[in-house]
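Below is one structure, written out as C-alpha cells, with a few remarks after it.
The values are calculated or read from the model by the stated rules, or taken from the named source; none is laboratory data. Predicted model only: the values in this text are computed from it and were never measured. Ideal geometry is used to build each Cβ from the backbone, glycine not excepted, and the neighbour counts take in all protein chains shown.
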C-alpha cells in the first residue's frame with residue numbers, strides 16, 4: 001500500500017477519534033455531523049465529476065429528494081429507518097435516473113445547465129408542497145427510528161453512524177471506479193470516441209453512474225434531515241449544488257477522499273467566518289474565486305504532495 | 001468465389017449539392033489487404049465515416065459478413081467484428097498502454113456492468129492485453145501512461161486496441177499518418193505480419209506503403225471508385241494516373 | 001378563464017420573455033464565442049436594477065437612471081471581466097462555474113451591504129404611467145407595453161449588429177469556429193472583452209427595465225439566470241435568433257402555466273388539491289418543456305456549431 005492510499009484512512013480515523021479528543025461537545029458534534037453528511041454528498045459528486053466527467057450543477061436535488069422523503073413519510077407517521085432509508089434512496093435514484101436520461105444525452109456546458117435546470121425544477125416543486133411546509137419547510141416530529149429504537153437521538157451514536165456511512169460511500173465509490181464499470185466511465189471521461197470504437201456505448205454506463213451518485217446523495221439527504229430535524233427547499237437550492245461542487249474542487253478533483261477534506265474545510269471555514277462577521281459571504285466569495293484560480297489540485301493535492 | 005467479408009453497395013452521400021460519395025461499390029474479400037487510395041477530397045474520410053457508422057449514407061447498403069449493418073451504431077458494428085483505428089490517434093491518454101488494450105478486451109469478454117472486482121486484477125483481460133501489445137511490439141511499454149508514448153508507439157497501440165476487440169475486419173484509417181521514416185518502416189512490417197492473420201481495409205496516403213502491402217487497391221476519385229485491381233493493374237491504369245497527375249497540376 | 005385575462009397573461013408572458021431575451025442574448029454570445037460558462041451573468045442583471053434604482057432615486061428621474069445606468073452596467077461588466085473572468089477562459093467548465101459562483105456570493109451580499117436586504121421599489125416614470133385600452137374595456141399598463149417595445153427594438157438592433165456589421169460577423173464566426181477567427185489574425189482577447197461588456201450591458205438594461213415591475217432585491221438575478229440558461233439550451237448555444245424565440249416561449253409557458261394550471265386542474269381535482277398541484281406543475285412546466293425539446297434535439301432548436 002502506498003503512503004497516499006493511507007491518507008483517506010487517516011482522515012476517517014481523525015473523524016473517529018475527534019469526539020474523544022476534545023471535540024465531543026454538542027456544538028462540535030453538530031458541526032462535524034454536518035461536515036460528514038455534506039462530505040458524503042460531495043464524495044458522490046466527486047465520483048461523477050472526477051470519475052465520470054459529469055459536472056452536475058444539480059446534485060443538491062438528490063440530497064433534497066432524500067431529505068423530503070424523510071419529511072413526507074414523517075408527516076404520514078412512518079419513521080422507521082428500515083422503511084425510510086430504502087424509500088429515500090430509491091426515490092433519489094429514480095429522480096436521477098429520469099433526469100439523467102435526458103441530461104446525459106448532452107455534454108459539456110449543456111450538461112451543466114440542464115442539471116442546474118432540473119435541480120431548480122425539484123426546488124420549485126418542493127416550494128409548492130404546501131402540505132409539507134411549502135417555502136417555510138417542514139419540522140420533523142423526531143429523528144428516524146432504527147428498528148424501533150431512538151438510536152439517532154444519541155449524538156455520539158449519530159456521529160459514528162454518519163462516519164460509518166461516509167466511509168461506506170467513499171469505499172463504494174472507490175470500488176466502483178476501480179471495477180470494469182468504472183474503467184468504462186473513466187475512459188469515457190477522457191475519450192468517449194475511443195470507448196465507442198472498442199464497442200461500448202458510454203450512455204448506459206454514465207446513466208447508471210449518475211443514478212448511483214443520486215442514490216448516495218439521497219442517503220446523505222436522509223442524514224441531513226435527521227441532523228437538523230428540519231427540511232426546507234433551501235436543502236436543494238442551486239447554491240447548495242454550487243457549494244457541493246466547490247467542496248469537490250477545494251478537496252481536489254480526481255481524489256475521492258479529497259471531497260471529504262473539502263467538505264470539512266468548507267463547513268469549518270463557513271462557520272468560522274459567519275461567527276466573525278455578518279456579511280461573511282463578502283469574504284467567502286472572493287476566497288472561492290482565489291481557490292479556483294490558485295489552488296489547482298486542491299487540498300488533497302497539497303497533502304499528497306507533502307506525504308507522497 | 002468466396003463471399004466478401006465487407007460489401008459496399010452503391011453508397012451515396014450528398015452535402016449541399018456536392019456528391020461526396022457518389023455510388024461507391026466495393027468488396028473486401030476474406031484474408032486480403034484491400035487498400036483505398038485517392039487524391040485529397042476524393043471522399044475517403046466520408047467513406048470511412050459511412051463504414052463505421054458516424055455518417056449515415058443517403059442511400060445504398062453496407063453488408064458485413066452477410067449482415068446489413070447500414071443503420072447500426074459504431075459500438076454495435078465493433079461488436080459485430082469491425083474494428084477501426086483513427087487517422088488522428090485516439091487513445092485514453094491517462095490510462096497505461098495495458099489498460100487501453102484491457103478496455104478493448106473487456107468489451108469482448110463478458111459484461112462491462114461489473115461493479116465489484118478491480119478490473120486491473122482480471123488476469124484474462126491483462127493476458128489478452130499483453131498478447132496484443134506483444135504482437136505490436138509494445139510489451140515492454142505496457143505500464144507507461146499512453147499519453148507519454150512516442151507517436152509511432154501510439155499508432156501501434158491503436159492497432160493493439162483494435163486487435164483486442166477480436167475483429168474480423170481491421171479498418172485502418174491512415175495508420176502511417178505523421179510517422180517518421182523509421183517508424184513508418186516498423187509499422188509497415190507490423191501491418192505485413194497482421195495481414196497474414198487478418199482481413200484489412202487500409203486507407204492510406206503513402207503510395208509506397210500501399211504498393212508494398214496491398215493485395216488489391218481501389219482508387220477513389222470525386223466520390224467514385226474509378227478502378228479496382230492488383231498493384232500492377234493499378235500502376236498500369238491510365239485513368240488512375242490521370243487522376244493523380246491532375247492533382248499534381250493543381 | 002376569460003379571453004381578456006388570457007390576453008393580459010399572454011402579454012405578461014411576452015414581456016417576461018423579452019426581459020429573458022435581453023439577459024440570454026449576452027449569455028449565449030459569451031458561451032458561443034468563448035465557450036465560457038458565466039453564472040455571474042444573473043447578478044449583472046441584478047446590478048443593473050440596483051444601479052438604475054439608485055441613480056433614479058438620486059437624480060429623481062427614471063430616465064437619468066436609465067441613461068447613466070447603462071454605461072455603469074457596462075463598466076461593471078468590464079471590471080469583472082478584467083478582475084476575474086479573463087483568467088478563466090482557458091480553464092475547464094468546472095473552474096468557470098465555481099469562480100463565477102464566488103462572484104455571485106460576493107455581489108449578492110455586496111448589494112445587501114450597500115442597499116440593505118429589503119426590496120427597493122422603483123416608481124414608474126410619469127411619462128409611462130397609466131394604462132391603454134388594448135381591447136374594449138381592458139386596460140394594460142403603458143409601462144409594460146413600453147418594455148415590450150424597447151425589448152423588441154433592442155432585439156432588432158442586436159440582430160442588425162450581429163448580422164450586418166463587421167464585429168457581428170466576427171462574433172458569428174467565433175461562435176461557429178473560434179480557431180478560424182484567431183487564425184484570421186483577429187485580436188480574440190479584445191473581441192471577447194467587447195462581447196462580454198456588451199452582454200453585461202444588455203443584462204443591466206433588462207434589470208433597469210424590470211425595476212418598476214418586479215421588486216429590486218438581493219438574489220433577484222439567480223432565477224433569471226437559470227431561466228436564461230433554459231432559454232439558451234432550448235434556443236441552441238450561440239444563436240441570437242434561437243435565444244429570441246426560446247425566450248418568448250419560456251416567458252409564455254411560465255406565465256400562462258402559472259395562471260392556468262390550477263384552473264385546468266380544477267376540472268379534475270378538488271380546489272385545494274388543484275391549487276397545490278397546479279402550483280407544483282406550473283413551476284415544473286418550463287423544465288419539462290426543455291426536457292421534451294432536448295429529448296428530440298439535444299443541441300437545441302437552432303444549433304450554431306457544426307461538427
Within region B:197-250, strands (runs of 3 or more DSSP E) holding 3 or more residues that are in contact with a helix residue (DSSP H, G or I) (Cβ under 7 Å, 6 or more places away or on another chain), modelled with pLDDT of 90 or more and within 21 Å of residue B:11 (Cβ to Cβ)
B:199-203, B:216-221
In region C:76-119, anything more than 11 Å from chain A (Cβ to nearest Cβ), under 22 Å from residue A:113 (Cα atoms) and free of Cβ contacts under 8 Å to residues at least 12 places away in the same chain is listed as C:90
Enumerated strands (runs of 3 or more DSSP E) restricted to region B:27-101, each holding at least 1 residues that are in contact with a strand residue (DSSP E or B) (Cβ under 8 Å, 6 or more places away or on another chain), in contact (Cβ under 8 Å) with a residue 40 or more places away in the chain and within 25 Å of residue B:138 (Cβ to Cβ):
B:33-37, B:82-85
Which of the residues spanning region B:112-129 are more than 8 Å from chain A (Cβ to nearest Cβ) and within 16 Å of residue A:200 (Cα to Cα)?
B:125
On the given criteria, is residue B:152 at pLDDT below 95, under 21 Å from residue B:86 (Cα atoms) and either part of a helix (DSSP H, G or I) or within 13 Å of chain A (Cβ to nearest Cβ) (or both)?
yes
Filtering region C:270-298 down to residues that are at the interface with chain A (Cβ under 8 Å from one of its Cβ atoms) and outside any helix (DSSP H, G or I) yields C:298
Spans of helices (runs of 4 or more DSSP H) in region C:166-269 with at least 1 residues under 16 Å from residue C:22 (Cα atoms):
C:188-210, C:220-235, C:240-265
State yes or no: is residue A:103 in contact with a helix residue (DSSP H, G or I) (Cβ under 7 Å, 6 or more places away or on another chain), at pLDDT 95 or above and buried (at least 20 other Cβ atoms within 10 Å of the Cβ)?
no
Scan region A:182-199 for residues that are facing chain B (nearest Cβ under 7 Å) and closer than 14 Å to residue B:119 by Cβ and jot them down.
A:183, A:184, A:187, A:198
Does residue C:66 fit the bill of being assigned to a helix (DSSP H, G or I), within 20 Å of the chain's Cα centre (by Cα) and crowded, with 18+ Cβ neighbours inside 10 Å?
yes
Criterion: surrounded by fewer than 24 Cβ atoms within 10 Å (Cβ to Cβ) and either more than 14 Å from chain A (Cβ to nearest Cβ) or assigned to a helix (DSSP H, G or I) (or both) - qualifying residue of C:20, C:27, C:5, C:47:
C:5
Can you work out which of the residues in region B:171-196 that are part of a loop (DSSP other than H, G, I, E, B) and in contact with a strand residue (DSSP E or B) (Cβ under 9 Å, 6 or more places away or on another chain) is nearest to residue B:44 (Cα to Cα)?
B:174
Filter result for residue B:106 (without any contact (Cβ under 8 Å) to a residue 40 or more places away in the chain and closer than 22 Å to residue B:154 by Cα)
yes
State all residues of region B:108-127 that are in a helix (DSSP H, G or I) and surrounded by fewer than 24 Cβ atoms within 10 Å (Cβ to Cβ); if no residue qualifies, say none.
B:119, B:120, B:121, B:123, B:124, B:126, B:127
Which condition number does residue C:222 fail, the rest of (1) within 11 Å of another protein chain (Cβ to nearest Cβ); (2) buried (at least 21 other Cβ atoms within 10 Å of the Cβ) being met?
(2)
Look at region C:85-105 and say how many of its residues are buried (at least 22 other Cβ atoms within 10 Å of the Cβ) and either modelled with pLDDT under 90 or closer than 17 Å to residue A:59 by Cβ (or both).
5
Of everything in region A:132-141, what is out of contact with any strand residue (DSSP E or B) (no Cβ under 8 Å at 6 or more places or on another chain) and surrounded by 13 or more Cβ atoms within 10 Å (Cβ to Cβ)? Give them in sequence order.
A:134
Apart from one, (1) away from chain A (no Cβ under 11 Å); (2) surrounded by fewer than 23 Cβ atoms within 10 Å (Cβ to Cβ); (3) under 20 Å from the mean Cα position of the chain (by Cα) all hold for residue B:132; the odd one out is (2)
Among the listed residues A:115, A:169, A:79, which satisfies the condition of being modelled with pLDDT of 90 or more and touching a strand residue (DSSP E or B) at 6+ places or on another chain (Cβ under 8 Å)?
A:79
Are any of the residues in region A:67-77 within 14 Å of another protein chain (Cβ to nearest Cβ), within 15 Å of residue A:222 (Cα to Cα) and buried (at least 24 other Cβ atoms within 10 Å of the Cβ)?
yes
